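A short write-up of the structure that comes next.
None of the figures in this text is laboratory data; all of them are computed from the coordinates on show. Computed from a predicted model, the values in this text were never measured in an experiment. Quick reminder, even Gly has a Cβ in these numbers, built from the backbone with ideal geometry, and neighbours come from all protein chains shown.
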Amino acid sequence: MKLVATLLMSGVLAFSGCTLPQMVKKSKEQKLTTTPDPLEVHADKVDFEMTGILPVKMMKKGTTYTGKVEYVYAGKRADVGTLEFKGDDYPNYKKEEPKKTQTFSFPYAEGMDQRGNLVMTGTAANKKGKTKPTPEFPFTRGLITTSRLTKDIYLVSYAPHGYNNQPEFEPVSVNFYFLQGSPALRPSETGSKRGKFLDAFIAEKNVTKTVTVVGTHSPEGSDAKNTKLSGQRAETVESHYKAQMKRFDYKTKADSIEFVTKATIQDWGMFKDTLNADKELTEEQKGQAVAIADGSDSFFDKAAQLAKLPFYRRIVTNVYPKLRNAQTEILKLKDKKPDPEIAVLGKQIAEGKESADKLNDQELLYAANLTPLLEEKKAIYEASMKKSDSWQAHNNFGAVHLDYAKKEMDKTKMTALVDAAITHFQMANNKMESGEAYANLAVAYTMKGMSKEAEEALTKASGMNSNQDVARAVKATQGVMQIKKGQYTEAINSLGAAGQDAMVLYNKGLAQVLAKQNDAAMATLNESVTADASAANAWSYYVMAIAAARSKNESALTANLQKAVTLDSTLKAKALQDLEFDAYANGEGFKNAVK
């Protein structure tokens, strides 16, 4: 009996010992697949679903098979995870293939834009804990990195200067007063300061659009009874104005001036306004008079009730004379400095050669708009900060620094410029929060790679009631961020509201490719090419080639790729590595495009 037991035990040990080599040998028949294939990077990580199928009879009770999954690229390895099979989970291992599906994710790292492979190294183990490794099995290739082809959009927002250089008309007002019941313009009125002011104004021959004269009357005696009196007073002033024009030899200039006369009759509005402005009447007295004026009685009944008030004499003295007038409003062309004068003065103020008082705040900010030179803009905005210390001046001073930073190739210098810009955007917001300053902060933080801060600034900017240019800048920055986060539909919507800038259209087209909207992407990228004929279009053509490849349109792929490498020869090497074109890599069209 002992002999039988010993033989049985020996058989079990022999069986256990030979299980591991058999598992390793069988592992060569395993099937490893992924979705997607090739692997793709989105939002700076690679997500995929992996399925492993082992051959029949590879697994047995008590055994495990653990596959260590890695991504191998450019001489480096990235740990991905493990896929583990337990023999006890597959009781029908003699007839059925053990199968397991699992999701994996690993972060994108620099260098992964070169071709690589997923590999799996298996470890077979028995229930006693003994192990034996398998060879390394390469399977899915990677990576498709199209999502990383975004181009940051640095749309800089300048605050409005507030100056209007177009012709504007401004009102000039002169009132003439009349005796009760009379439409005659007295010498005491024409010789008053008001009369002399009007004479001087007419003598200067100011460019005038309209002269509107409104005649009024008081609610007393003959002034109230003559319903034609208000109109007559207006006509009297009109005649006086025209006589002065003739005196000062206007000739044909008078023909361009439109005269309008109006009559205000039995209206209590002016009475109440004049009454409330009086300094001698008490609030109680004013209230009594207003109550009568607001009553439902007739105009003359109200006038009679006012005459019975104990303080009526003050109304007659302080209020009624001011109602017997002709209000004259003249719309004259506003005096403005011509643009060349503003430009010269702005530069001189910036250089310290002229007093800052030579231009008002709006004119000085506008002067910066009149020069294309960033250095001159910077100096003028600096002068504006010293003059007004306004949020607009600080924002625009920072904006100039951003425009400099966009052109700076030296990273240290670029960072210094961006840091200076951030300081002034923050100062601008401390004075008054604005969409311009927050939109610029988002751009500045993006340039520094500070995505969290950039998003916070964008959120602030989005909540501001900004002009269209600022709103577009916000949407442009937002759209690129959304592509980087893998939010392609959202990015398409944002960039669709960001205007027609070539770089905006490029990123929108890229987002459409990533959202599998290839036809729409081709149309958008063609618009990008039309919007800017510079060498930057190489990338538009390159992404069009990708869209064509995804649509299985080989001729469009070849044509666009050829245009891309013609504009930028460095794209040849990229195309040769790009798995987007793998299905066409051996074709003559592709070879000719990248040769």
Discussion item. So if I average 1/r over every pair of distinct C-alpha atoms in segment 478-595 and take the inverse, what Kirkwood radius in Å does that give?
Written reply: 14.1
Worksheet, complete the sentence: If the chain between residue 406 and residue 196 were fully extended at 0.36 nm per residue, the gain over the current Cα-Cα distance would be 69.7 nm
Worksheet item: Among the listed pairs 411/572; 26/60; 60/95, which are separated by more than 19 Å between their Cα atoms?
Response: 411/572
Practice prompt. Using Cα centres only, tell me the gap between segment 155-193 and segment 439-473 in whole Å.
Written response: 43
Worksheet entry | Dipole of the chain [Lys/Arg +1, Asp/Glu -1 at C-beta], most positive-end residue of 63, 43, 571 | 63
Response to the item:
Per the Cα gyration tensor, segment 2-144 corresponds to an equivalent ellipsoid with semi-axes, largest first in Å, of 36, 14, 11
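Pop the C-beta distance of residue 282 and residue 360 into the FRET formula with R0 = 45 Å and round what comes out to the nearest 0.05.
Computed FRET efficiency for residue 282 and residue 360: 0.60.
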Worksheet item: Any idea what the dipole of the chain comes to, in debye rounded to 20, about its Cα centre with Lys/Arg Cβ at +1 and Asp/Glu Cβ at -1?
Response: 2200
Worksheet item: To the nearest 20 debye, what is the magnitude of the charge dipole of segment 486-580 about its Cα centre, counting +1 on the Cβ of each Lys and Arg and -1 on the Cβ of each Asp and Glu?
Response: 200
Item to complete: Obtain the nm distance between the two label points defined at residue 94 and residue 249 by a simple spin-label model: each point lies 7 Å from its Cα along the Cα-to-C-beta direction.
Response: 12.7
Worksheet item: Once Lys and Arg get +1 and Asp and Glu get -1 on their Cβ, which of 93, 138, 106 lies farthest toward the positive end of the dipole of segment 2-144?
Response: 93
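Let me spell out the model: positive unit charges on the Cβ of Lys and Arg, negative unit charges on the Cβ of Asp and Glu, origin at the Cα centre of segment 2-144. What dipole size does that give, in debye rounded to 20? Each step should come with its number before you reach the end.
Working: 23 positive and 16 negative charges, 241 e Å.
Taking the Cα centre of segment 2-144 as origin, the dipole is about 1160 debye.
Would you kindly calculate the translational diffusion coefficient of segment 169-333, applying Stokes-Einstein with the Kirkwood radius from alpha carbon pairs, for 37 °C and a viscosity of 0.692 mPa s, and quote it in µm² s⁻¹ without decimals?
193
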Worksheet item: Gain in length, residue 296 to residue 207, computed as 0.36 nm per residue apart minus the alpha-carbon separation, to one decimal in nm?
Response: 27.5 nm
Worksheet item: What's the angle, to the nearest 10 degrees (0 to 90), between helix 537-550's Cα axis and the longest principal axis of the chain?
Response: 50
Discussion item. Using only Cα atoms and rounding to the nearest 10 degrees, what angle (0 to 90) does helix 451-462 make with the longest principal axis of the chain?
Written reply: 30
Response to the item:
Distance in Å, no decimals, from the C-alpha centre of segment 36-84 to the one of segment 241-319 is 92
Practice prompt. For helix 283-293, report the angle its Cα long axis makes with the longest principal axis of the Cα atoms of the chain; keep it between 0 and 90° and round to the nearest 10°.
Written response: 80
Worksheet item: If R0 is 25 Å, what FRET efficiency do you get for residue 74 and residue 569 from their C-beta distance, rounded to 0.05?
Response: 0.65
Worksheet item: Restricting attention to the alpha-carbon atoms of segment 551-595, what are Rg (one decimal) and Dmax (integer), both in Å?
Response: 9.3, 25
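Quick check on the chain: of the DSSP beta bridges with both residues there, what percent are antiparallel, nearest 5%?
In the chain, approximately 90 percent of DSSP beta bridges are antiparallel ones.
Over all distinct Cα pairs, what is the inverse of the mean 1/r for segment 120-199, reported as the Kirkwood hydrodynamic radius in Å?
Kirkwood radius, segment 120-199: 23.6 Å.
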Item to complete: Quickly estimate the mean residue ellipticity at 222 nm for the chain, helices only: each DSSP H run with n ≥ 4 gives -39500 (n - 2.57), and the total goes over all residues, rounded to 500.
Response: -15000 deg cm²/dmol
Discussion item. If each residue of separation counts as 0.36 nm, what is the full-extension length gain between residue 262 and residue 467 once their alpha-carbon separation is subtracted?
Written reply: 69.8 nm
Worksheet entry | Principal axes of segment 246-354: Cα extent on each, largest first, Å | 68, 42, 26
Worksheet item: Which value in nm describes the separation of the simple spin-label points at residue 82 and residue 592, placed 7 Å from the Cα toward the beta carbon?
Response: 5.4
Worksheet entry | Inter-label distance, nm, simple model (7 Å from Cα along the C-beta direction), residue 45/residue 452 | 1.7
Discussion item. With only alpha-carbon pairs counted, each pair once and no self-pairs, how large is the Kirkwood hydrodynamic radius of segment 325-439 in angstroms?
Written reply: 15.4
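Consider all pairwise Cα distances in the chain and report the whole-number % of them above 46 Å.
53
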